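Colleague: Structure incoming, see below.
The values are calculated or read from the model by the stated rules, or taken from the named source; none is laboratory data. This one's a predicted model, so the numbers in the text were calculated from it and none came from an experiment. Here the Cβ positions follow ideal geometry from the backbone for every residue, glycine too, while neighbour counts run over all protein chains shown. To get the accessible areas, we keep the full protein, side chains included, count just its heavy atoms, and leave off ligands, DNA and RNA. Shrake-Rupley method; radii C 1.70, N 1.55, O 1.52, S 1.80 Å.
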Amino acid sequence: MRVLNWVLLQLTIFQLFTITCHSFLPTEVWALTAFKEAIYEDPYLVLADWNGLDPTPCEWSGVGCSISRDHVLKLNISGLSLKGFLAPELGLLTNLQELILHGNNLMGTIPKEIGLLGSLKVLDLGHNQLAGPIPRELGNLSSALKINLQSNGLTGTLPPELSELKNLQELHLDRNKLQGTVPGASGAKSTSNLHGMYVANGNATGFCRSTQLKIADFSYNFFVGSIPKCLQYLPRLSFQGNCLQDKDTKQRTGAQCGAAIPAKTTQSKPSANTKHKSPEDETEHPSNSKPSWLLAVEVVTGTMVGVLFLTALLTGLKRCNSKSSLIIPWKKSGSDKDRLAVYIDSELLKDIVRFSRQELEVACEDFSNIIGTSSDSMIYKGTMKGGSEIAVISFCIKEEQWTGYHELYFQREVADLARLNHENTAKLLGYCREVPPFSRMLVFEYASNGTLYEHLHSMYADGEGCQLSWRRRMKIIIGIAHGLSYLQTELDPPLTMSELNSNAVYLTEDFSPKLIDFESWKTILARSEKNSCAIDSNGAICVLPSSIEARHLDIKGNVYAFGVLLLEIVSGKPPFCKDTGSLVEWAKEYIYASDEMPQIVDPQLKHYEHEDLKAVCEAASLCLVNDPLKRPSMQELCTMLDARIDLSVSTELRSSSLAWAELALST
């Protein structure tokens, strides 16, 4: 009791001291800033007005404060496509009552620090991409009325601590990958109330003790066993799509439930822990403790709180006297390497080939066969023992800069790339992840003809060395369109190219295009950096005038970039050059009038088809509309280009005698 009083006294002093500097607790501003830093894609710029130097966050989008404007009570940002991670610093918002982040693209695990939010009434993290187990610490949310974790990728068993939430009225856990049993056993004397809910007695366990629970959904997981009798008042649909022993609802097949069997053995661990931490044990423990033990606890606790108070005091003084530098929670140094723990999903890459660094080193001739470089990566060509050629992308980053967030993002990128299966997208063969030496690599099938950029602007493009005939260029355009259509309409969820340009298009031996998104992982390394241009190794500045920041975040941004590519392929000009400036602005003078269209054709070409040119110019004009909502889909563009561009050899041979010579090059 003496320790508790001392702690309250110190906290009161600190609270009063802080209020003299700001009307708002600095820890809450810092917690929200950490949340923002953990978001690396914000397509609707909802966090644009979040300035960590503001004395109060009450005017920030999605933030609700108390009447006295001294505490954050609500954080509600739903359905705005935020992509990133949940920062553990959210646990510092101790007065928070509602945390609603429904319908975004949040990844990683649910931080256990969320369990520190003792005032939280609503926790809604549904419809995201969260993975890993449900933290046991959520059982500390004693004020919780509603918890929604539906439609994520959560795994593991249900922590029994959730059933300790006496005020919980709604629980949505459907559409995850949860296993084990649904905890709940009612005592022999349990009775049902007027609503059909069972009134728990002292012998009830699990959710049979949740007397206020009115709505619960456990459907479409991998739960086994039977439905607890005390939960049979719930609709039967709340349990469908599992592996339960229930004939009244549709359950998964035996083959689908195979993976859920091991969970039966692991379920005993929580029960064992629960047994050792029973209320009786916790009640008896203090009475059996020796006075010397209690004294030691008081001394240690008092010392720790004193240190924390001094630290908080110095921090408050620093904030009052000078502008504080914001701490980005995942930027690590060697001294705090283990500061953040992010769950790594071991199941994510289980079906993808993992190469050793040694075998890639041998294939790439001691990593001496370099075919591409950038400030962030090296690209090597290699030959495997069987004779197949590979391209290896090695990320240039120091181990001390690599965090758990980077690792999870890397794994998700590998998983996303591995699901691609189309003739116009690069095929991922596997990955390499080793320490030491620190290695993160992607291994692709090698496209032997280099990049489209090289053929248009460098070693193949000058004089008689130009190998891209009109027919080949049209073939490349059609291939890119089909590849993008596949990514955007046939994949679920769809994928977008983060850097869609001629350097991202590789050509095979027969000049078929392969889309490779080498740059997507860079967004995690440059979360808060807003790049308005990109300068390639040859000094060509590629500036897109439309929403460059959102270009890699949405499908319509890729459509715009495809329009730029169309102009680049037909004209042979880079997106920006000193002579003509912006390719888009230059081409707009010609692409809208049929008789002016030939002005944009690459002068290296001796032959072109005017009808093809018209189709390409019309498609480009549609893609380059300033309003993203008015741009066509890639599926519509594919239909248009397929119908109007003739790739048959006979058409080209009839139109020009020079085409015979070009045909010889392509066969």
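Colleague: Show the residues, 5+ positions off or on another chain, whose built amide H is closer than 5 Å to the amide H of Asn51.
Modeller: Close amide H contacts, sequence-distant or interchain: none at all.
Colleague: Mind checking the range 379-416 for trypsin sites (Lys or Arg not before Pro) that DSSP puts in a loop (not H, G, I, E or B) and that have at most 16 other Cβ atoms within 10 Å?
Modeller: Counting only loop positions with at most 16 other Cβ atoms within 10 Å, the trypsin sites (Lys or Arg not before Pro) in the range 379-416 are Lys385, Lys398.
Colleague: Please count, across the range 88-180, the pairs of lysine residues with Cα atoms under 18 Å apart that sit 8 or more places apart or on different chains.
Modeller: 5
Colleague: HN-Hα J couplings of the range 426-443 from phi, Karplus 6.51/-1.76/1.60, θ = phi - 60°, integer Hz, Gly and Pro as x?
Modeller: 5, 9, 7, 8, x, 8, 10, 9, 9, 8, x, x, 4, 9, 9, 9, 10, 10
Colleague: Check which residues have an amide H placed less than 5 Å from Thr157's amide H, if you skip close sequence neighbours.
Modeller: Placed amide hydrogens put Gln179 under 5 Å from Thr157.
Colleague: Name the trypsin sites (Lys or Arg not before Pro) in the range 556-610 that are in a loop by DSSP and that have at most 10 other C-beta atoms within 10 Å, would you?
Modeller: Qualifying residues, ordered by number: Lys578.
Colleague: How much of the accessible area of the range 58-133, probe 1.4 Å, is carbon plus sulfur, in whole percent?
Modeller: Roughly 51 percent of what the probe reaches on the range 58-133 is carbon or sulfur.
Colleague: What FRET efficiency do you get for Lys229 and Gln169 if R0 is 30 Å and r is their Cβ-Cβ distance, rounded to the nearest 0.05?
Modeller: 0.90
Colleague: Ranked highest first by the average count of other Cβ atoms within 10 Å around their residues, in what order do 95-103, 247-255, 348-356, 476-484 fall?
Modeller: 476-484, 95-103, 348-356, 247-255
Colleague: What is the local net charge at Leu162, summed over the other residues whose Cβ is closer than 11 Å to its Cβ (Lys, Arg +1; Asp, Glu -1)?
Modeller: -1
Colleague: Report the FRET efficiency, 1/(1 + (r/R0)^6), for Arg354 and Asp595, where r is their Cβ-Cβ distance and R0 is 60 Å, rounded to 0.05.
Modeller: Here the calculated transfer efficiency is 0.55.
Colleague: Using DSSP to define loop residues, name the GluC sites (Glu not before Pro) in the range 381-461 whose beta-carbon has at most 13 other beta-carbon atoms within 10 Å.
Modeller: Hits after loop and neighbour filter: Glu423.
Colleague: Would you mind checking the pairs Lys398/Lys514; Lys83/Lys573; Lys475/Lys573; Lys398/Lys427 and listing those with alpha carbons more than 25 angstrom apart? List each step's numbers first, then the result.
Modeller: On the way: Lys398/Lys514 30 Å; Lys83/Lys573 35 Å; Lys475/Lys573 18 Å; Lys398/Lys427 27 Å.
The answer is Lys398/Lys514; Lys83/Lys573; Lys398/Lys427.
Colleague: Quote to one decimal, in nm, the extra length available between Lys214 and Ile371 on full extension: 0.36 nm per residue of separation minus the C-alpha distance between them.
Modeller: Stretched fully, the Lys214-Ile371 segment lengthens by 50.3 nm.
Colleague: Can you tell me which of 210-221, 173-184 comes out highest on packing, and rank the rest after it, using the mean Cβ neighbours within 10 Å?
Modeller: So the peptides 210-221, 173-184, ranked by packing, come out 173-184, 210-221.
Colleague: When the accessible area of the range 381-438 is split by element with a 1.4 Å probe, what percent falls to carbon and sulfur?
Modeller: C and S atoms contribute 45 percent here.
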